[in-house]
Amino acid sequence: MIAYHFPPLAGSSGIQRTLYFVRHLPAFGWIPIVLTAHPRAYVQVSDDPADAEPAGLEVIRAQAWDTARHLSIHQRYPSFLALPDRWTSWWLGAVPTGLAAIRRHRPDVLWSTYPIATAHRIAYTLAKCSGLPWIADFRDPMAQKDYPIDPAQWRSFLRVEKAAVAQARLSTFTTEGAVALYQQRYPQYAARLRVIENGYDDDLPMSDLAAPPLNPGKLTLLHSGIVYPSERDPTHLMQALANLKRQWSDGFSRLVIRFRAPVHEALLHKLARRFGVSETVEILPPLNYSEALAEMCLADGLLLLQASNCNQQIPAKFYEYLACRRPLLALTDPAGDTAQAVRAAGVDALAPLDSPTAIVALLIRFIADPTAISMPTAEAIAGASRRSRTEQLAALLELAANSRPPGYRSPLA
């Protein structure tokens, strides 16, 4: 299992997909071995016990460097050293290390996961050299309209994407919309594309609901995680707060919008000042995973942001929100995969992210009676567990392993 996002990396929810797959796969007859990057490649590390590796798991850490931090002079470096991403040097360390591990362990299947494109480059090389079947876990689309913004990186992403879809026995995505997009893009490989959604772990360390509220005497609407300037643009939300302040000052004074670890703090501060709503906006630093989950469980409501330029994606945080069993407000395009998932979970508190009028109406509804905001159904919560998702992955691993011809012998044997 080739994954850049793996403990002790901190600051990314992307860790959880791989981490919980490796925790649950043995229950379905598969013993995972993880090939990841040396911790020096991580911008930030964590010792959060919730991210602990399973006992007995073999983790192979290949040499890797972050171009921006390790290979730059005065924060400048040749662009080719960061194609397809800043961790392209990981390929140099992981390929020989991975080939040695294949000779030693004789695995049945290779699996790699985006959003670090170099992971797919590594898997492609190992699959070509070993003849092993490979499952490429894209999660979200790679080369998209206007993403990556840099033309050279976009072309590099497209090359990796094309090679992966063609070489991998199966490719997996987290939404039906992403699969449909890739079926249109690569019709000759349509039968190889599958969906494995994100999820939450059945053993999430939830909070004591008897604990004090996050903001006593007020209602806290929490957004936990990154607020992207485009993909989760908060501009219209801030405008809606300004409108709410004019229309219903008493209700406005009862509301706190808390952004936990949004990364783009300067943007949020700027918008809050521009619209005159700073008094109701909290911007707080990261917590470890366990503490972040506990905070979600104590919030009066949970806020989901997803713009229409990400209609084939669902924020991974959505599934943890489900497990927290709190009122959920989704600001997203009604036609996108996020809105579809929210409605399928039994939640009806939706408004377009780019409509201040609709957002105001939703906030008024929440402030008037938070308990009237529908919460996810028990069926939706049960179906989104990581164990259930891992069972799907195990079935695909079996399918890939059985795709090898009779009498198959690895070139590395």
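The values are calculated or read from the model by the stated rules, or taken from the named source; none is laboratory data. The structure presented is a predicted model; accordingly, all values stated were derived computationally and were not measured. For neighbour counting, all protein chains shown are included, and Cβ atoms are generated from backbone atoms with ideal geometry for every residue, glycine included.
With respect to Arg104, is the statement that it is farther than 25 Å from Lys162 by Cα, charged (D, E, K, R) and at pLDDT 95 or above true?
Values: farther than 25 Å from Lys162 by Cα: yes; charged (D, E, K, R): yes; at pLDDT 95 or above: yes.
Yes.
Between residues in segment 55-67 that are at negative phi and residues that are part of a helix (DSSP H, G or I) and among the polar types (S, T, N, Q), which pairs lie under 8 Å by C-beta distance while being six or more apart or on different chains?
Once the first residue is at negative phi and sits in segment 55-67, its partners that are part of a helix (DSSP H, G or I) and among the polar types (S, T, N, Q) give Ile60/Thr97; Ala62/Thr97; Gln63/Ser89; Gln63/Thr97; Ala64/Ser89; Trp65/Ser89; Thr67/Ser89.
For the condition in contact (Cβ under 8 Å) with a residue 12 or more places away in the chain, of a type in the set (A, V, I, L, M), at negative phi and surrounded by 16 or more Cβ atoms within 10 Å (Cβ to Cβ), what is the one hit in Ala152, Ala119? Working first, answer last.
Values: Ala152 fails: surrounded by 16 or more Cβ atoms within 10 Å (Cβ to Cβ).
That would be Ala119, the only listed residue that is in contact (Cβ under 8 Å) with a residue 12 or more places away in the chain, of a type in the set (A, V, I, L, M), at negative phi and surrounded by 16 or more Cβ atoms within 10 Å (Cβ to Cβ).
Kindly indicate whether any position in segment 30-41 is closer than 21 Å to Tyr200 by Cβ and in contact with a Lys or Arg (Cβ under 8 Å, 6 or more places away or on another chain).
no
Select from segment 258-287 the residues that are farther than 22 Å from Arg246 by Cβ and either part of a helix (DSSP H, G or I) or not assigned by TED's automatic domain parsing to the domain that holds Gly301 (or both) and list them in ascending order.
Hits for segment 258-287 are Glu265, Ala266, Leu267.
Considering only residues of segment 248-287 that are under 17 Å from Leu221 (Cβ atoms) and among the acidic types (Asp, Glu), which is surrounded by the most Cβ atoms within 10 Å (Cβ to Cβ)?
Glu282
Can you tell me which condition Ala339 does not meet? The list is (1) touching a residue at least 60 places away in the same chain (Cβ under 8 Å); (2) touching a strand residue (DSSP E or B) at 6+ places or on another chain (Cβ under 7 Å), and all the others hold.
Single failed check for Ala339: (1).
Provide a single number: the residues in segment 343-374 that are assigned to a helix (DSSP H, G or I) and within 26 Å of Thr280 (Cα to Cα).
Within segment 343-374, the first condition is being assigned to a helix (DSSP H, G or I), and the residues that meet it are 343-344, 356-368, 370-372.
Going one step further and asking which of them are within 26 Å of Thr280 (Cα to Cα), we end up with 356-368, 370-372.
The number of residues fulfilling the criteria is 16.
Considering only segment 259-285, state which residues are basic (Lys, Arg) and over 15 Å from Thr235 (Cα atoms).
Taking segment 259-285 first, the residues basic (Lys, Arg) are 260, 270, 273-274.
Residue satisfying the conditions is Arg260 alone.
Among the residues that make up segment 81-90, is at least one of them assigned to a helix (DSSP H, G or I), at pLDDT below 95 and crowded, with 20+ Cβ neighbours inside 10 Å? I'd like the intermediate steps shown before the answer.
Taking segment 81-90 first, the residues assigned to a helix (DSSP H, G or I) are 81-82, 89-90.
Going one step further and asking which of them are at pLDDT below 95, we end up with 81-82.
Then drop every residue that is not crowded, with 20+ Cβ neighbours inside 10 Å, which leaves 82.
Yes, segment 81-90 contains at least one residue that is assigned to a helix (DSSP H, G or I), at pLDDT below 95 and crowded, with 20+ Cβ neighbours inside 10 Å.
From the residues in segment 218-228 that are at pLDDT 95 or above and not hydrophobic (A, V, I, L, M, F, W, C), which one is nearest to Ala351 (Cα to Cα)?
Checked segment 218-228; the qualifying residue nearest to Ala351 (Cα to Cα) is His223.
Among the numbered criteria (1) in contact (Cβ under 8 Å) with a residue 60 or more places away in the chain; (2) buried (at least 18 other Cβ atoms within 10 Å of the Cβ), which single criterion is violated by Ala180?
Condition not satisfied by Ala180: (2).
Quickly run through segment 230-257 and pick out the residues that are at pLDDT below 95 and either closer than 14 Å to Phe275 by Cα or out of contact with any Cys (no Cβ under 6 Å at 6 or more places or on another chain) (or both). First the steps, then the outcome.
If we filter segment 230-257 for residues that are at pLDDT below 95, which is where we start, we get 230-231.
Ser230 - this is the single residue of segment 230-257 that is at pLDDT below 95 and either closer than 14 Å to Phe275 by Cα or out of contact with any Cys (no Cβ under 6 Å at 6 or more places or on another chain) (or both).
For segment 191-211, state whether one or more residues are in contact with a Ser or Thr (Cβ under 6 Å, 6 or more places away or on another chain), under 24 Å from Leu92 (Cα atoms) and of a type in the set (Val, Ile, Thr).
Within segment 191-211, none of the residues are in contact with a Ser or Thr (Cβ under 6 Å, 6 or more places away or on another chain), under 24 Å from Leu92 (Cα atoms) and of a type in the set (Val, Ile, Thr).
Collect the residues in segment 19-44 that are assigned to a helix (DSSP H, G or I) and not hydroxyl-bearing (Ser, Thr, Tyr), keeping them in residue-number order. Can you show your working first?
Keep residues of segment 19-44 that are assigned to a helix (DSSP H, G or I), which gives 19-28, 39-41.
Listed by number, the residues that qualify are Leu19, Phe21, Val22, Arg23, His24, Leu25, Pro26, Ala27, Phe28, Pro39, Arg40, Ala41.
Given segment 165-255, what helices (runs of 4 or more DSSP H) lie entirely inside it while holding 3 or more residues that are in the same structural domain as Ser278 (by TED's automatic domain parsing) and among the aliphatic types (A, V, I, L, M)? Full working, then the answer.
Values: elements: 176-185, 235-247, 249-253.
Per the criteria, 235-247.
From Ala64, Ala55, which residue is assigned to a loop (DSSP other than H, G, I, E, B), under 19 Å from Gly14 (Cβ atoms) and either of a type outside the set (Lys, Arg) or assigned by TED's automatic domain parsing to the domain that holds Val165 (or both)? Walk me through how you get there before you give the answer.
Values: Ala55 fails: under 19 Å from Gly14 (Cβ atoms).
Exactly one residue qualifies, and that residue is Ala64.
Run Tyr189 past the list (1) surrounded by fewer than 22 Cβ atoms within 10 Å (Cβ to Cβ); (2) under 20 Å from Gly276 (Cα atoms) and report the number of the one that doesn't hold.
(2)
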